[in-house]
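**Q** Pasting in a structure now, in C-alpha cells, and then I'll have a few things to ask.
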Amino acid sequence: MLNKVVETFEQAVADVPDGAVIMLGNFAGPGGTPFYLIRALCKQGAKDLTIIANTAGGIGLTLDYDDHRILFENRQVKKVIASFPFSTSATSPSPAEKQILAGEVELEILPQGTLAERIRAGGAGIPAFYTPTGFGTVIEDGKEARDFDGRPYLLEHALKADYALVRAYKADMMGNLIYRGTQRQFNPIMATAAKVTIAEVDEIVETGELDPEVIVTPGIFVDRIVKVIEDPGFPRNLDRKFGARQT
C-alpha cells in the first residue's frame, strides 16, 4: 500500500531548490498555517523564493507567532503574490513590508477572490479567466481588458507552484486530507495547484479509516504528509476550548 508519510519536517522540504515558487496556506491567523513546514523551510535556507499566500506574514491581525514572516526575516524571498501584504499597524511594519518598500522584494498584489480563483484555475487546468474585479484600478496595469455584455473584464492567468505547503487536520497513509475550522481556507485549492504538495497534519490514520464523504483533498494531489508531534502553543483548530484540545 502506498505510504506518503515523511518522518520529519526537515526531510519533507529538503529538496526545495533556490528560486522555487511556493504556495503557503494561510489566512490571518495560525489555525490553518503550516507552521512547522515554514519553520523547516526557513532552517533549510532556500533563497530567491516566490511566495504565493493570502498575506506576506507578520501582519498583526491575531496572535503573534512565527508564520512566513520568518522567511522574509531570513532574506529568502524574491517575490510575493498576496492580497494583504502589509501590517495592520503603520507603526509596526512587517519584514515583508519593509523589504517591499525598499525595493528588495517584488510585490504582486491581488484582490482576495482573484487570488483564490487564479489558484483554483491552476489546479483545474484552466489557463486564464476574465473577471470584472480590479478594472479601473492599479490592478489592471499590464493586463488585457475585454468587454462582455457592456461590462469591462480583466484577463487573469492561473497560478501554479513548484511546492504547496498546506495544513490539514487528518490524513490517511495515501494522503487523503480532511480539514477543520480555518484550515479550510486556501489550503484545499493550493493542494491541487502545485507539482509537489506537502501536508502538515494533526493525525495520520490507516488507509480506509477516513469517511470518503468528508475527504476534501484526494490523495492524488498530495505527495508528502508529516505529523505534528508537539503542541505549538497556540490554538490550531476551532474546537480548541479553554486551551485544551477536545477529543
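The values are calculated or read from the model by the stated rules, or taken from the named source; none is laboratory data. Note that the coordinates shown come from a computational prediction; the quantities given were computed from them, not determined experimentally. Don't worry about glycine lacking a Cβ; one is built from the backbone with ideal geometry, like all the others, and counts go over all protein chains shown.
**Q** Name the one entry in 151, 120, 180 that is exposed (fewer than 14 other Cβ atoms within 10 Å of the Cβ) and either of a type in the set (Lys, Arg) or closer than 16 Å to residue 27 by Cα (or both).
**A** Values: 120 fails: exposed (fewer than 14 other Cβ atoms within 10 Å of the Cβ); 180 fails: exposed (fewer than 14 other Cβ atoms within 10 Å of the Cβ).
So the residue among 151, 120, 180 that is exposed (fewer than 14 other Cβ atoms within 10 Å of the Cβ) and either of a type in the set (Lys, Arg) or closer than 16 Å to residue 27 by Cα (or both) is 151.
**Q** On to the next question. For segment 24-43, give me the residue count where each residue is touching a Leu at 6+ places or on another chain (Cβ under 7 Å) and either β-branched (Val, Ile, Thr) or farther than 22 Å from residue 229 by Cα (or both).
**A** Adding up the residues that qualify gives 2.
**Q** While we're looking at this one, here's another question. Which members of segment 1-39 meet the condition of being surrounded by 20 or more Cβ atoms within 10 Å (Cβ to Cβ), among the hydrophobic types (A, V, I, L, M, F, W, C) and more than 15 Å from the chain's Cα centre (by Cα)?
**A** Scanning segment 1-39 gives 9, 12, 16.
**Q** Return the residues of segment 147-174 that are touching a helix residue (DSSP H, G or I) at 6+ places or on another chain (Cβ under 8 Å) and among the charged types (D, E, K, R); say none if nothing qualifies.
**A** Selection gives 156, 160, 167, 172.
**Q** Moving on to the next point. Looking at this structure, is residue 192 touching a residue at least 60 places away in the same chain (Cβ under 8 Å), crowded, with 18+ Cβ neighbours inside 10 Å and farther than 15 Å from residue 222 by Cβ?
**A** Working: touching a residue at least 60 places away in the same chain (Cβ under 8 Å): yes; crowded, with 18+ Cβ neighbours inside 10 Å: yes; farther than 15 Å from residue 222 by Cβ: no.
For residue 192, the condition - touching a residue at least 60 places away in the same chain (Cβ under 8 Å), crowded, with 18+ Cβ neighbours inside 10 Å and farther than 15 Å from residue 222 by Cβ - is not met.
**Q** When both residues are 6+ apart or on different chains and their Cβ atoms are under 8 Å apart, which pairs have a first residue that lies in segment 101-115 and is closer than 15 Å to residue 77 by Cα, and a second that is of a type in the set (Phe, Trp, Tyr)?
**A** Final answer for the pair search is 105/72.
**Q** Now, a different point. Checking the conditions here, which among 82, 102, 96, 90 is of a type in the set (Gly, Ala, Ser) and touching a Phe, Trp or Tyr at 6+ places or on another chain (Cβ under 7 Å)? So that I can check it myself, show each step before the final result.
**A** Working: 82 fails: touching a Phe, Trp or Tyr at 6+ places or on another chain (Cβ under 7 Å); 102 fails: touching a Phe, Trp or Tyr at 6+ places or on another chain (Cβ under 7 Å); 90 fails: touching a Phe, Trp or Tyr at 6+ places or on another chain (Cβ under 7 Å).
After applying the criteria, what remains is 96.
**Q** Residue under question is residue 27, and the condition is that it be under 19 Å from residue 119 (Cβ atoms) and either in contact with a Pro (Cβ under 6 Å, 6 or more places away or on another chain) or among the aromatic types (Phe, Trp, Tyr) (or both); does it hold? Don't jump to the end; show me each part of the working.
**A** Numbers: under 19 Å from residue 119 (Cβ atoms): yes; either in contact with a Pro (Cβ under 6 Å, 6 or more places away or on another chain) or among the aromatic types (Phe, Trp, Tyr) (or both): yes.
Considered against the rule, which asks whether it is under 19 Å from residue 119 (Cβ atoms) and either in contact with a Pro (Cβ under 6 Å, 6 or more places away or on another chain) or among the aromatic types (Phe, Trp, Tyr) (or both), residue 27 comes out as yes.
**Q** Another one. Would you check if residue 173 is surrounded by fewer than 19 Cβ atoms within 10 Å (Cβ to Cβ), under 23 Å from residue 32 (Cβ atoms) and not small (Gly, Ala, Ser)? Before the answer, list the steps.
**A** Details: surrounded by fewer than 19 Cβ atoms within 10 Å (Cβ to Cβ): yes; under 23 Å from residue 32 (Cβ atoms): yes; not small (Gly, Ala, Ser): yes.
Criteria met by residue 173.
**Q** Could you tell me whether residue 225 is of a type in the set (A, V, I, L, M, F, W, C), modelled with pLDDT of 95 or more and surrounded by 19 or more Cβ atoms within 10 Å (Cβ to Cβ)?
**A** Numbers: of a type in the set (A, V, I, L, M, F, W, C): yes; modelled with pLDDT of 95 or more: yes; surrounded by 19 or more Cβ atoms within 10 Å (Cβ to Cβ): yes.
Judged against the criteria, residue 225 is a match.
**Q** Taking the residues in segment 127-165 that are outside any strand (DSSP E or B) and touching a Gly at 6+ places or on another chain (Cβ under 9 Å) as candidates, determine which candidate is nearest to residue 224 (Cα to Cα). Steps first, please.
**A** Taking segment 127-165 and keeping what is outside any strand (DSSP E or B), we get 127, 132-144, 149-150, 158-160.
Now narrow it down to the ones that are touching a Gly at 6+ places or on another chain (Cβ under 9 Å): 133, 140, 143, 158-160.
Details: 133: 35, 140: 37, 143: 36, 158: 24, 159: 21, 160: 18 Å.
Out of the qualifying residues, it is 160.
**Q** Next question. Please pick out the residue among 213, 156, 203 that is surrounded by 15 or more Cβ atoms within 10 Å (Cβ to Cβ) and of a type in the set (Asp, Glu).
**A** On the way: 213 fails: surrounded by 15 or more Cβ atoms within 10 Å (Cβ to Cβ); 203 fails: surrounded by 15 or more Cβ atoms within 10 Å (Cβ to Cβ).
Being surrounded by 15 or more Cβ atoms within 10 Å (Cβ to Cβ) and of a type in the set (Asp, Glu) holds for just one of 213, 156, 203, which is 156.
**Q** Residue 67 - would you say it is exposed (fewer than 15 other Cβ atoms within 10 Å of the Cβ) and touching a residue at least 24 places away in the same chain (Cβ under 8 Å)?
**A** Judged against the criteria, residue 67 is not a match.
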